[in-house]
Amino acid sequence: MSTLVIVTHPNLAESRVNKRWVQELKKQSGITVHNLYEVYPDEKINVAQEQELLEQHDRIVLQFPFYWYSTPSLLKKWEDAVLTYGWAFGSEGVKLEGKELLIALSAASVEENYQHDGRNKYTIEELLIPLEATSHMIGVKLLPYFVQYGAGVLTDEELEQSAQRYVQTVTS
């Protein structure tokens with residue numbers, strides 16, 4: 001199985017979690033790591049290139065830090081530009097049908113904050129409903145989310161465990 005990991009972190013060099021995940025992914029075979037902010041610093045997305053990359057892989061991973069209960073802005077811009085009618089959805093938009101989609105995110109807050117009685121009042125699953133709806137529209141199989149809570153307070157040991165669990169999830 002070929003896997004495309006679309007990394008969307010506006011400052012990956014300063015990230016602990018996403019940067020460590022990418023470092024570990026790059027050691028694996030059969031995985032293409034595609035950093036949107038690196039490829040498109042001007043945010044001018046090459047739609048044909050992105051669609052070709054998606055078509056070449058069986059599993060697509062969207063990896064990002066959870067910003068304001070959503071994705072970083074470039075990932076949303078990428079979705080709007082790349083997942084077009086007639087290509088990704090619509091009566092003839094079947095290019096992604098049957099592929100797998102994994103959402104992998106880091107959240108600065110601890111898991112307890114993402115509960116109905118927690119600070120954020122909603123679960124991660126509830127906050128990710130737009131991505132779930134998108135997966136249904138484009139015909140991909142949505143895999144269980146990979147979430148690293150408490151990204152801002154992880155110990156070095158917990159970070160290493162997270163990286164190992166993430167690679168195992170992406171490759172299984």
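The values are calculated or read from the model by the stated rules, or taken from the named source; none is laboratory data. Here the structure is a predicted model, which means the values were calculated and not measured. Glycine gets a Cβ as well: all are built from the backbone with ideal geometry, and neighbour counts include every protein chain shown. Surface accessibility is based on the protein's heavy atoms, side chains included, excluding ligands, DNA and RNA. Shrake-Rupley method; radii C 1.70, N 1.55, O 1.52, S 1.80 Å.
In the range 71-79, is there at least one residue being modelled with pLDDT of 95 or more and over 27 Å from LYS95 (Cβ atoms)? No, there is no match, as no residue in the range 71-79 is modelled with pLDDT of 95 or more and over 27 Å from LYS95 (Cβ atoms). When you look at LEU12, is it in contact with a Ser or Thr (Cβ under 9 Å, 6 or more places away or on another chain), of a type in the set (A, V, I, L, M, F, W, C) and closer than 23 Å to GLU158 by Cα, yes or no? Spelling it out, it is not the case that LEU12 is in contact with a Ser or Thr (Cβ under 9 Å, 6 or more places away or on another chain), of a type in the set (A, V, I, L, M, F, W, C) and closer than 23 Å to GLU158 by Cα. Selection of first residues in the range 92-111 that are within 12 Å of LEU54 (Cβ to Cβ) and at pLDDT below 95 and of second residues that are open to solvent by less than 10 Å² (accessible area, probe 1.4 Å) and among the acidic types (Asp, Glu), restricted to Cβ pairs under 6 Å at least 6 apart or on distinct chains, gives an empty result. Right, THR71: of a type in the set (S, T, N, Q) and either in contact with a Ser or Thr (Cβ under 9 Å, 6 or more places away or on another chain) or within 25 Å of THR155 (Cα to Cα) (or both) or not? Taking the combined requirement at face value, the residue satisfies it. Would you check which residues across the range 46-69 are open to solvent by 30 Å² or more (accessible area, probe 1.4 Å), at pLDDT 95 or above and either under 30 Å from SER109 (Cβ atoms) or acidic (Asp, Glu) (or both) and list them? Once the filter is applied, which keeps residues that are open to solvent by 30 Å² or more (accessible area, probe 1.4 Å), at pLDDT 95 or above and either under 30 Å from SER109 (Cβ atoms) or acidic (Asp, Glu) (or both), the range 46-69 yields GLU52, GLU55, ASP58.
Which ones in the range 16-35 are within 19 Å of VAL153 (Cβ to Cβ) and free of Cβ contacts under 8 Å to residues at least 60 places away in the same chain? Before the answer, list the steps.
Taking the range 16-35 as the starting set, the residues that turn out to be within 19 Å of VAL153 (Cβ to Cβ) are 16-21.
Correct list: LYS19 only.
Considering the range 2-73, the qualifying strands (runs of 3 or more DSSP E), each wholly inside and each with 1 or more residues that are charged (D, E, K, R) and under 25 Å from GLN164 (Cβ atoms), run over 59-65.
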